[in-house]
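Here the structure comes first, spelled out in structure tokens, and everything after it is commentary.
The values are calculated or read from the model by the stated rules, or taken from the named source; none is laboratory data. Model, not experiment: these values are computed from the prediction. Neighbour counts run over all protein chains shown; Cβ positions are idealised from the backbone, glycine included.
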Amino acid sequence: MTTISLQVEFGGGLELLFSNRKRHTLTLPSMVPFDNNTKVLPDALSGVETKPADIEYLLYHLRDHLLQERPELFMEYKTVRPGILVLVNNTDWELEGEGEYVLQNNDEIVFISTLHGG
Amino acid sequence: MVSESCGNPSVEVEATMSRRPKYDKSKICIKCKVNNGAIVVRHAVYCKECFPALLSSKVKRILEPHINPKPESSRKKSLKASGNLLVGFSGGLGSTTLLDLISRIYLSNRMEIKEEGVAKLRGGKGHPRNEPVWEKVTVCYVEIAAGFSGMTDRTETIQQLVQENFEALDFIPLRIENAFDPAWWDRVGGKLTSDMNADLINDGTSLTSLSINLISSIAQGGGFSVREEAQEEWKSDSMETVRLIRPLQEITMKECSMWAWWNNLRVLGKQRHPGVKQGIGALTKDFIVGLERDYPSTVSTIARTCAKLAPRVGALGSCILCERPLQPGVQEWIRLPCCNR
């Protein structure tokens with residue numbers, strides 16, 4: 001089973017939901033359940049429909065394993081809540097296919113909340 | 001012919017507004033046409049190198065028509081304001097972004113003078129290139145903690161942030177309670193106003209915030225003063241005009257966030273008002289922020305459409321609290337007594 005190492009960073013106050021830590025290093029399996037079920041162990045994927053680990057799966061993983069409170073402030077309808085920007089290697093995720101972007105080893109994913117006020 | 005459609009998106013898929021692709025044409029920067037894009041702004045793709053020029057041009061477009069142009073003595077157009085500039089700062093994303101952009105666009109040579117001295121300036125101190133647009137730029141922070149139980153006083157933190165990151169600017173901390181103290185005005189306020197001599201006030205209201213404020217205000221009966229959401233003007237007793245301009249009003253919250261992130265700006269954020277429940281303002285914000293993500297062009301349409309609105313009748317003076325135009329007949333809106341009492 002191959003794995004992917006990722007650097008995940010939170011900004012704009014979003015780190016408050018993730019143990020008040022801005023930077024996290026994660027390791028994800030390269031193949032994950034198609035339905036984004038984060039409870040299935042990587043060794044138990046036989047017979048389960050799979051897909052390459054993408055950002056959509058990463059969101060579920062963050063929500064289920066790193067988020068400390070208020071999941072509704074992070075995710076909404078299978079994607080990030082409106083007002084949260086996502087950067088993939090310093091590029092707007094809208095240019096990389098949003099949730100369908102397939103994660104690569106050593107990718108840097110940044111989540112920034114824009115809801116600071118003016 | 002009567003339509004049989006109910007128009008409910010949860011029942012009819014066709015009733016849902018179709019979503020445009022996130023960006024037009026290609027991923028190459030629309031401006032330089034060379035670099036790969038790094039950000040999508042209302043379906044247009046910009047690279048990281050061209051993004052600063054995009055924001056600068058938007059700020060200048062809003063701000064510069066309000067700065068008196070100098071009499072032309074050379075071909076190069078230059079600006080020289082008759083008064084000074086006051087920038088309202090809350091510590092939030094918009095005002096932090098505004099302060100940074102103003103510093104970079106108009107005040108960068110002040111730091112150069114401070115670090116290397118007047119003699120090092122290209123062309124010398126008297127060269128038009130080196131003449132500042134404003135003699136004085138003041139950052140003003142109003143602490144409102146006294147008005148809300150449980151809110152933290154952040155004056156010291158804000159002062160430290162401004163002095164560390166925007167050395168070229170003067171900083172004036174104020175307190176909301178001072179506004180209601182005539183003795184303060186006599187002792188301090190009048191002198192402050194005269195020293196600042198500001199005829200232009202800027203605040204960091206972004207396009208997103210402006211659209212939220214417009215819809216929220218109209219929903220609560222503020223339609224008569226919708227124009228003042230974008231720009232306000234006050235005349236003092238001596239008939240001098242002070243204008244409140246919002247230079248970020250064409251820049252979305254997304255653009256402000258990307259600017260802050262790419263430039264490592266420290267954004268403190270605005271404090272939530274303790275004990276305040278979800279109201280029309282918060283619901284409107286959720287709605288507009290959702291629009292900005294899914295249908296970004298609609299957010300600017302809100303601001304553009306509201307800019308075309310004008311009241312049918314003239315104002316009956318100004319509101320004593322907000323100093324915005326007072327709608328004739330508003331005092332007739334009295335609460336009717338309950339018929340059982």
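For B:Thr284, indicate whether it is crowded, with 18+ Cβ neighbours inside 10 Å, within 14 Å of chain A (Cβ to nearest Cβ) and of a type in the set (Ser, Thr, Tyr). Break it down stepwise before answering.
Working: crowded, with 18+ Cβ neighbours inside 10 Å: yes; within 14 Å of chain A (Cβ to nearest Cβ): yes; of a type in the set (Ser, Thr, Tyr): yes.
When the stated conditions are applied, B:Thr284 passes them.
Can you tell me which residue within the stretch A:97-116, out of those that are buried (at least 17 other Cβ atoms within 10 Å of the Cβ) and of a type in the set (D, E, K, R), is nearest to the other protein chains (Cβ to nearest Cβ)?
A:Glu98
Which one of the conditions (1) out of contact with any Ser or Thr (no Cβ under 8 Å at 6 or more places or on another chain); (2) buried (at least 19 other Cβ atoms within 10 Å of the Cβ) does B:Asp203 fail to meet, given that it meets all the rest?
Checking B:Asp203 against (1) out of contact with any Ser or Thr (no Cβ under 8 Å at 6 or more places or on another chain); (2) buried (at least 19 other Cβ atoms within 10 Å of the Cβ), the one that fails is (1).
Could you tell me which of the residues B:Ala183, B:Ala219 is out of contact with any Asp or Glu (no Cβ under 6 Å at 6 or more places or on another chain), under 19 Å from B:Val299 (Cβ atoms) and loosely packed, with under 15 Cβ neighbours inside 10 Å?
None of the others qualify; the one that does is B:Ala219.
From A:Gly47, A:Gly13, which residue is over 11 Å from the mean Cα position of the chain (by Cα) and touching a residue at least 60 places away in the same chain (Cβ under 8 Å)?
Testing whether each residue is over 11 Å from the mean Cα position of the chain (by Cα) and touching a residue at least 60 places away in the same chain (Cβ under 8 Å) leaves just A:Gly13.
Looking only at residues in the stretch A:16-28 that are touching a residue at least 24 places away in the same chain (Cβ under 8 Å) and more than 13 Å from the chain's Cα centre (by Cα), which one is farthest from the other protein chains (Cβ to nearest Cβ)?
By that ranking, first place goes to A:Ser19.
Quick test for you: out of A:Val32, A:Val40, pick the one residue that is among the hydrophobic types (A, V, I, L, M, F, W, C), more than 26 Å from B:Leu93 (Cβ to Cβ) and surrounded by fewer than 17 Cβ atoms within 10 Å (Cβ to Cβ).
From the options A:Val32, A:Val40, the qualifying one is A:Val40.
Mind listing whichever residues of the stretch B:188-211 are within 14 Å of another protein chain (Cβ to nearest Cβ), closer than 27 Å to B:Glu177 by Cα and not hydroxyl-bearing (Ser, Thr, Tyr)?
B:Asn202, B:Asp203, B:Gly204, B:Leu210 - these are the residues of the stretch B:188-211 that are within 14 Å of another protein chain (Cβ to nearest Cβ), closer than 27 Å to B:Glu177 by Cα and not hydroxyl-bearing (Ser, Thr, Tyr).
Residue under question is A:Val88, and the condition is that it be more than 14 Å from chain B (Cβ to nearest Cβ) and under 20 Å from A:Thr27 (Cβ atoms); does it hold?
Numbers: more than 14 Å from chain B (Cβ to nearest Cβ): no; under 20 Å from A:Thr27 (Cβ atoms): yes.
Spelling it out, it is not the case that A:Val88 is more than 14 Å from chain B (Cβ to nearest Cβ) and under 20 Å from A:Thr27 (Cβ atoms).
Considering only the stretch B:157-193, how many residues are among the small types (Gly, Ala, Ser) and in contact (Cβ under 8 Å) with a residue 40 or more places away in the chain?
Our first condition is that a residue be among the small types (Gly, Ala, Ser); within the stretch B:157-193, this holds for B:168, B:179, B:183, B:189-190.
Still in the running and in contact (Cβ under 8 Å) with a residue 40 or more places away in the chain: B:168.
Total meeting the criteria: 1.
Please go through the stretch B:31-46 and pick out each residue that is under 16 Å from B:Glu255 (Cα atoms), in a loop (DSSP other than H, G, I, E, B) and either facing another protein chain (nearest Cβ under 9 Å) or aliphatic (A, V, I, L, M) (or both).
B:Gly37, B:Ala38, listed by residue number.
Any idea which residue in the stretch B:287-341 is modelled with the lowest pLDDT, counting only those that are surrounded by 14 or more Cβ atoms within 10 Å (Cβ to Cβ), under 19 Å from the mean Cα position of the chain (by Cα) and among the hydrophobic types (A, V, I, L, M, F, W, C)?
Only one residue tops the list, namely B:Ala307.
Residues that are surrounded by 19 or more Cβ atoms within 10 Å (Cβ to Cβ) and in a strand (DSSP E or B): does the stretch A:43-54 have at least one?
no
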